[in-house]
1. Scan region 81-101 residue by residue and report those that are of a type in the set (Gly, Ala, Ser), surrounded by fewer than 15 Cβ atoms within 10 Å (Cβ to Cβ) and part of a helix (DSSP H, G or I).
2. When you look at ARG123, is it buried (at least 17 other Cβ atoms within 10 Å of the Cβ), charged (D, E, K, R), within 15 Å of the chain's Cα centre (by Cα) and part of a helix (DSSP H, G or I), yes or no?
3. In region 51-80, what residues are more than 17 Å from the chain's Cα centre (by Cα), surrounded by 15 or more Cβ atoms within 10 Å (Cβ to Cβ) and at pLDDT below 85?
4. Among the numbered conditions (1) crowded, with 16+ Cβ neighbours inside 10 Å; (2) under 23 Å from PHE18 (Cα atoms), tell me where LYS137 comes up short.
5. Quick one: would you say ILE112 is closer than 21 Å to CYS68 by Cβ, within 11 Å of the chain's Cα centre (by Cα) and not charged (D, E, K, R)?
6. Return only the number of the condition from (1) at pLDDT below 80; (2) more than 20 Å from the chain's Cα centre (by Cα) that PHE99 does not satisfy.
7. Do the conditions hold for ALA122, that is, is it modelled with pLDDT under 85, closer than 22 Å to ILE53 by Cα and either of a type in the set (Ser, Thr, Tyr) or touching a Gly at 6+ places or on another chain (Cβ under 9 Å) (or both)?
8. Just to be sure, is VAL164 out of contact with any strand residue (DSSP E or B) (no Cβ under 8 Å at 6 or more places or on another chain) and buried (at least 18 other Cβ atoms within 10 Å of the Cβ)?
Amino acid sequence: MLFVRDIVYLFRLVFVLFAWITRSYVDVSYDLISFNVTFIPTRLFFLLNFKLIGVGAQSFLTAEYTICAQFVIGFGALVLVLISWGQGLGAGILTTAAFVIGAITSMVCGWIGMYVAVYSNARTTVNAANEGYETYKHSFNTAFRAGAVMGFALTGLGIAVMYVNK
């Protein structure tokens, strides 16, 4: 017998699968023959810097999550001591575990969000570099799908963590 939380979990999996499939509708590769010559340097610039932006995002996340990990360890120890002192060791351990799991979930969501943003911004830029009405349509659809991917993935991750910790 399926419970409501099982149905919600199944919907999450369906939405994550939908987001995974729709994220690949826009290709970052170029067909340089079909481009107007005046746009080639700009487009090549975006392609070449796409990897550099990814490296910068990774460096930022490494620095940020190093500080976050130090905070989680220090504040987790403080939570453990204070809650154990006031409510008992069992409550202290469970509260600290909930805090650490929430912090890790938040960091994973930030990592997913950063990488989806980097890739989707590059794809949106590639679409916006073309001329014509369809350019705006494709650029908007790319950005909108990226938002859907982040929304469904991050919400799904949060629901999955709550499901596992039921």
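The values are calculated or read from the model by the stated rules, or taken from the named source; none is laboratory data. It should be emphasised that the depicted structure is a prediction, and the values quoted were computed from it without experimental measurement. In this analysis, Cβ positions are derived from the backbone assuming ideal geometry, glycine residues included, and neighbour counts consider all displayed protein chains.
1. Taking region 81-101 as the starting set, the residues that turn out to be of a type in the set (Gly, Ala, Ser) are 84, 86, 88, 90-92, 97-98.
After this cut, where a residue has to be surrounded by fewer than 15 Cβ atoms within 10 Å (Cβ to Cβ) as well, the list is 86, 88, 90-91, 97-98.
Within region 81-101, GLY86, GLY90, ALA91, ALA97, ALA98 qualify.
2. Working: buried (at least 17 other Cβ atoms within 10 Å of the Cβ): yes; charged (D, E, K, R): yes; within 15 Å of the chain's Cα centre (by Cα): no; part of a helix (DSSP H, G or I): yes.
Judged against the criteria, ARG123 is not a match.
3. Those that are more than 17 Å from the chain's Cα centre (by Cα), surrounded by 15 or more Cβ atoms within 10 Å (Cβ to Cβ) and at pLDDT below 85: none in region 51-80.
4. Answer for LYS137: the failing condition is (1).
5. Working: closer than 21 Å to CYS68 by Cβ: yes; within 11 Å of the chain's Cα centre (by Cα): yes; not charged (D, E, K, R): yes.
The answer is yes for ILE112.
6. If we test PHE99 against (1) at pLDDT below 80; (2) more than 20 Å from the chain's Cα centre (by Cα), just (1) comes out false.
7. Numbers: modelled with pLDDT under 85: yes; closer than 22 Å to ILE53 by Cα: yes; either of a type in the set (Ser, Thr, Tyr) or touching a Gly at 6+ places or on another chain (Cβ under 9 Å) (or both): yes.
Judged against the criteria, ALA122 is a match.
8. Values: out of contact with any strand residue (DSSP E or B) (no Cβ under 8 Å at 6 or more places or on another chain): yes; buried (at least 18 other Cβ atoms within 10 Å of the Cβ): no.
Criteria not met by VAL164.
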